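Novice: Dropping a structure here in structure tokens format, bear with me for questions.
The values are calculated or read from the model by the stated rules, or taken from the named source; none is laboratory data. This structure is a prediction, so every number in the text was calculated from the model and none was measured. Neighbour counts are summed over all protein chains in view; Cβ atoms, including those assigned to glycine, are modelled from backbone coordinates with ideal geometry. In case anyone asks, the SASA skips ligands and DNA or RNA and just uses the protein heavy atoms, side chains included. Shrake-Rupley method; radii C 1.70, N 1.55, O 1.52, S 1.80 Å.
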Amino acid sequence: MTISRDNRGRRKPPRGRLLDIYDIRVEPTPRGGGPSARRHVTVLYGNDGRRPGLPHLDDRQPDDPHAEVADLLTAAARHRGTTWDRSPQVEARIRRRAGHRKAWENAWSGAIVVLLRMLALLVALVVANGEAPVVLLLVCIPAASFVALATLLNRRWESQVPRSPREPEPPQAVRRA
């Protein structure tokens, strides 16, 4: 499964063999939003654990994205040649990638918090002493905190992802078709 970008930097739809697609799932939006925000997104999972989004299969476009994805799985099962059964190995790869992605997001957030604290400390030191180690406070310490947080959180990736699936199992008739 290949994800590429066109000349303007936009994502092209994923291309690849139908057998490289592990599953298509409708998941709740990871972040909240206002009343006009999307509540669900549709994600295409590959056998390697990658998960590109399908931008036109959310709750803004079709009325019922769950039914749309079920119809899509049923139509693709005829051409795919195999069932849509879940595999523990691929589920583990998906969880591992999700944990690593969550760890990197948390490491970036932590580094930004450290950067803001160092900025406040820099201002306090300049007011008190008239000078401060700018490069150390604004570059070295936030970069070191990012590296430390990314390392620690990547080692704990299992605790970053909930054990329960984020969406209910689709009907078995769709899975076996």
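Listed here are the residues, each with its yes/no results for (1) open to solvent by 70 Å² or more (accessible area, probe 1.4 Å); (2) over 16 Å from the mean Cα position of the chain (by Cα); (3) at pLDDT 85 or above.
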site: 73; (1), (2), (3): no, yes, no
site: 134; (1), (2), (3): yes, yes, yes
site: 138; (1), (2), (3): no, yes, yes
site: 141; (1), (2), (3): no, yes, yes
site: 162; (1), (2), (3): yes, no, no
site: 172; (1), (2), (3): yes, yes, no
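Novice: Does residue 130 satisfy being open to solvent by 50 Å² or more (accessible area, probe 1.4 Å) and not hydrophobic (A, V, I, L, M, F, W, C)?
Specialist: yes
Novice: Going through 48, 63, 85 one at a time, which residue ends up being under 26 Å from residue 155 (Cα atoms) and either part of a loop (DSSP other than H, G, I, E, B) or modelled with pLDDT under 75 (or both)? Working first, answer last.
Specialist: Details: 63 fails: under 26 Å from residue 155 (Cα atoms); 85 fails: under 26 Å from residue 155 (Cα atoms).
Residue meeting the stated conditions: 48.
Novice: Testing residue 83 on (1) out of contact with any Lys or Arg (no Cβ under 6 Å at 6 or more places or on another chain); (2) open to solvent by 50 Å² or more (accessible area, probe 1.4 Å), one condition comes back false. Which one is that?
Specialist: Checking residue 83 against (1) out of contact with any Lys or Arg (no Cβ under 6 Å at 6 or more places or on another chain); (2) open to solvent by 50 Å² or more (accessible area, probe 1.4 Å), the one that fails is (1).
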